[in-house]
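Chemist: The structure that follows is given in the form of structure tokens.
Since every read-out is calculated from the coordinates, none of them should be taken as a lab result. Owing to the predicted nature of the structure, the values given are computational and were not obtained by experimental measurement. Glycine gets a Cβ as well: all are built from the backbone with ideal geometry, and neighbour counts include every protein chain shown.
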Amino acid sequence: MLAEKLLDHFRNPRHVGELPPPAVTVEVSNPVCGDIFRLSARFENGRIAEAAYRTRGCTASIATGSAVTEWLTGRTAAEAARLTAEEIEEAVGGLAAESRHAARLCLDGVKVLLKTAGDPQ
């Protein structure tokens, strides 16, 4: 059974889309399941002022992408760097073992985003 928070993020995804430059946009994929996660963030005054995503994947990938962009908004790069897959899972009310790849894919996206953004001051 899927968690209600997960279903809410799946049915009503937040922050869907891609932000225009000067936002940083990255893409990561899971070659095993084929999911693709594209994450955009606009940094302002050392914080993530806005985040958006697009994903091609399962219900869990869509829901975790929504939850991650919601969580990232307003955070500093240092705070985002401390995000864990377990926190992403908690944000959607938990994931079944076979769906945990979705949280890891989002976390990979955040790590690549931060690396690409460098020092977003």
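Chemist: When segment 66-113 is examined, which residues are found to be in a helix (DSSP H, G or I) and closer than 14 Å to E50 by Cα? Talk me through it step by step, then tell me what you get.
Modeler: Step one: of segment 66-113, the residues in a helix (DSSP H, G or I) are 66-72, 77-81, 85-91, 97-99, 101-113.
Those that are in a helix (DSSP H, G or I) and closer than 14 Å to E50 by Cα: S66, A67, V68, T69, E70, W71, L72, A77, A80, V110, L113.
Chemist: What are the pairs, 6+ residues apart or on separate chains, where a residue within segment 75-90 that is under 14 Å from G65 (Cβ atoms) has its Cβ under 8 Å from a residue that is aromatic (F, W, Y)?
Modeler: Here the result reads L83/W71; I88/W71, each pair linking segment 75-90 to a residue that is aromatic (F, W, Y).
Chemist: From V28, V92, V68, grab the single residue that is surrounded by fewer than 21 Cβ atoms within 10 Å (Cβ to Cβ) and hydrophobic (A, V, I, L, M, F, W, C). So that I can check it myself, show each step before the final result.
Modeler: Numbers: V92 fails: surrounded by fewer than 21 Cβ atoms within 10 Å (Cβ to Cβ); V68 fails: surrounded by fewer than 21 Cβ atoms within 10 Å (Cβ to Cβ).
Exactly one of V28, V92, V68 is surrounded by fewer than 21 Cβ atoms within 10 Å (Cβ to Cβ) and hydrophobic (A, V, I, L, M, F, W, C), namely V28.
Chemist: So L7 passes all but one of these: (1) farther than 16 Å from C106 by Cα; (2) part of a loop (DSSP other than H, G, I, E, B); (3) out of contact with any strand residue (DSSP E or B) (no Cβ under 8 Å at 6 or more places or on another chain). Which condition number does it fail?
Modeler: L7 satisfies all of (1) farther than 16 Å from C106 by Cα; (2) part of a loop (DSSP other than H, G, I, E, B); (3) out of contact with any strand residue (DSSP E or B) (no Cβ under 8 Å at 6 or more places or on another chain) except (2).
Chemist: Right, another one. Report whether or not R42 is of a type in the set (K, R), under 20 Å from L6 (Cβ atoms) and buried (at least 17 other Cβ atoms within 10 Å of the Cβ). Quick ask: steps written out before the conclusion?
Modeler: Values: of a type in the set (K, R): yes; under 20 Å from L6 (Cβ atoms): no; buried (at least 17 other Cβ atoms within 10 Å of the Cβ): yes.
Answer is no for this residue.
Chemist: Can I ask one more? Residue under question is L2, and the condition is that it be part of a loop (DSSP other than H, G, I, E, B) and buried (at least 19 other Cβ atoms within 10 Å of the Cβ); does it hold? Steps first, please.
Modeler: On the way: part of a loop (DSSP other than H, G, I, E, B): yes; buried (at least 19 other Cβ atoms within 10 Å of the Cβ): no.
Against the criterion (part of a loop (DSSP other than H, G, I, E, B) and buried (at least 19 other Cβ atoms within 10 Å of the Cβ)), L2 does not qualify.
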